[in-house]
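Quick note: the coordinates plus some simple rules give every number you see, no bench work behind them. Being a predicted model, the structure only gives us computed values, none of them experimental. Note that each Cβ is placed from the backbone with ideal geometry, even for glycine, and that neighbours are counted across all protein chains shown.
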Amino acid sequence: MRRGLISRSPVELPDAVLDARIACTHAALRKAGLDALIVYTNNTRPAGVSWLTGFVPYWSEALLVLVRDRAPVLVAALTYRVKSWIERTSRVGEVIHTQRIGLEAARMIAGGKADAAVGIADLRGLADGIAADLRTGGPRLQLLDATTLFEALRACADPAEIALAMQATSIARQALAESAGESLGAITAKVEKTARMLAAEEVYIAAAPDLGRDARLRRIEGDIERGESFALRVSVAYKGTWVRLVRSFVDPALWQQAAAQFAAAVARLPQPNAFDGFSSWLVEGCRVAQPLEPLMGSRIAAPRALAPGALVSVQGSLSVDGQLVLLGAPALLGAPGESPGLLVDLRFE
């Protein structure tokens, strides 16, 4: 369950932006010969539905049903008492409350066309119980995998999405600038407090307490002794947009050198040798519903293609003069003929 305030800003995410995304989706459905699209959401897989409607769940789950040429309907496993909150924080035509979201979604679609062709974003990832209820509620519905269709729709970030990512990045950067504190626990507590005070919906912090011994980033519980050099990674959600930022607390001259090498490597994406010289690297982004899904990297056996214009978060580790340095930042992949670039200056004063 999320702990931060979820609200909607019509300035940061205008109705016109969401309407344009819905219109593009309707056009894609018509072109593909589909009558409807279903997108699943919960607190760990919110990105697909939030991209279309702005809705981000605190908990529970829901299905967004987009029937061709009609306003989206959210079928939510949430009580009626949160109906007004959903309507305030999202742009949907109707909210239906039921515990059996698959059953109700199928009945609604089948009521308009019994043998409708229904695309499901990330069909393979849909829970078996929901899939079974879809078949029960609409026994003649044709349930088809629409993952590729939806992935193509949201591959290239629009200006509103880029602006939200930049705000999330600003929050993460300001939080990581808080380096005061004797203990690692005190530092991480201040980082989280700063991010939440700056309106982050959610904040996750991981640390490598001693880069001289272990470069693995992990969640810290209790009072952990830190070494002379250590690293923090903060993952921030803002208005449904997630980014990651990594800072190593090392000698400033080494950090500047590492940051320059990291920026140069990002600029070479999606070339497979972009991170030559790094001991490890990872690119994450959103395909359908998971906000930060591994796409390619040194440990990814089956890398996915990076779409021009996509928003991603990149992490890497390298050795500078014998010192291990971890870095990470969100980036915007360039359109054809343009180089990718980081969304943030990695220099910390």
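Between beta-carbons, use under 14 Å as the cut-off and find the net charge around Gly316, counting Lys and Arg +1, Asp and Glu -1. Walk me through the numbers before you get to the answer.
Working: positive: Arg233, Arg244, Arg247, Arg268, Arg299; negative: Asp276, Glu284.
In short, +3.
With label points built 7 Å along Cα→Cβ from the Cα atoms of Thr44 and Glu221, find their separation and express it in nm.
1.6 nm
Whose amide H sits under 5 Å from the amide H of Leu144, counting only residues 5 or more places off or on another chain, with H placed in the peptide plane?
Those lying under 5 Å, H to H, from Leu144 are Val118, Gly119, Ile120.
Taking only DSSP H segments of four or more residues, each worth -39500 (n - 2.57), what value at 222 nm results for the chain once the sum is divided by all its residues, to the nearest 500 deg cm²/dmol? Show your work: numbers first, answer last.
Working: 9 runs with 109 residues, N = 349.
Roughly -9500 deg cm²/dmol at 222 nm, from the helical runs in the chain.
Cut-off under 23 Å on the C-alpha distance; same-chain residues fewer than 8 positions from Lys193 excluded. Which lysines are left, in chain and number order?
Filter leaves Lys239.
Given the Cα-Cα distance of Ala32 and Trp85 and 0.36 nm per residue of separation, how much length would full extension add, in nm? Provide the component values of the computation, followed by the final result.
Numbers: separation 53, 0.36 × 53 = 19.08 nm, distance 3.40 nm.
Gain in length upon complete extension: 15.7 nm.
Using Cα-Cα distances under 8 Å and only pairs 6 or more residues apart, what relative contact order does the range 159-342 have, in percent? Mind showing how you got there, number by number?
Details: 384 pairs, mean separation 34.3, N = 184.
Rounded, it is 19 percent for the range 159-342.
Would you work out if the range 159-342 is rounded, prolate or oblate? Take a ≥ b ≥ c from the square roots of the eigenvalues of the alpha-carbon gyration tensor; rounded if a/c is under 1.5, else prolate when a/b is larger than b/c, oblate otherwise.
The shape class here is oblate.
Stretched out fully, how many nm does the piece from Ala301 to Ser183 gain, at 0.36 nm a residue minus the Cα gap?
Values: separation 118, 0.36 × 118 = 42.48 nm, distance 3.76 nm.
Taking 0.36 nm per residue and subtracting the Cα distance, the gain is 38.7 nm.
If you plug each phi of the range 52-61 into the Karplus form 6.51 cos²θ - 1.76 cosθ + 1.60 with θ = phi - 60°, what whole-Hz ³J(HN,Hα) values come out, in order, with x for Gly and Pro?
Values per residue, Gly and Pro as x: 7, 10, x, 6, 10, x, 6, 7, 6, 8 Hz.
Note down the nm distance, to one decimal, between modelled labels 7 Å out along Cα→Cβ at Ile162 and at Glu94.
Between Ile162 and Glu94, the label points sit 3.8 nm apart.
Can you tell me the FRET efficiency between Ala16 and Asn273 if r is taken as the Cβ-Cβ distance and R0 is 41 Å, rounded to the nearest 0.05?
Values: r = 41 Å, r/R0 = 1.01.
After rounding, the FRET efficiency stands at 0.50.
State, as an integer percentage, the relative contact order of the chain based on alpha-carbon contacts under 8 Å between residues 6 or more apart. Could the numbers behind the result be given before it?
Working: 749 pairs, mean separation 49.9, N = 349.
Once normalised by length, the contact order is 14 percent.
Using just the Cα positions, wrap the chain in a convex hull and report its mean projected area in square nanometres, one decimal place. Don't skip to the answer; put the middle values down first.
Values: hull surface 72.1 nm².
The directionally averaged projection comes out at 18.0 nm².
Determine which residues of the range 80-115 fall in the zone a paramagnetic label at Tyr58 would reach in this model, i.e. backbone nitrogen under 17 Å from the point 7 Å along Cα→Cβ.
Zone members listed by number: 80-90.
Can you grab the distance from the C-alpha centre of the range 75-114 to the C-alpha centre of the range 272-340, Å, no decimals?
Cα centres, the range 75-114 to the range 272-340: 37 Å.
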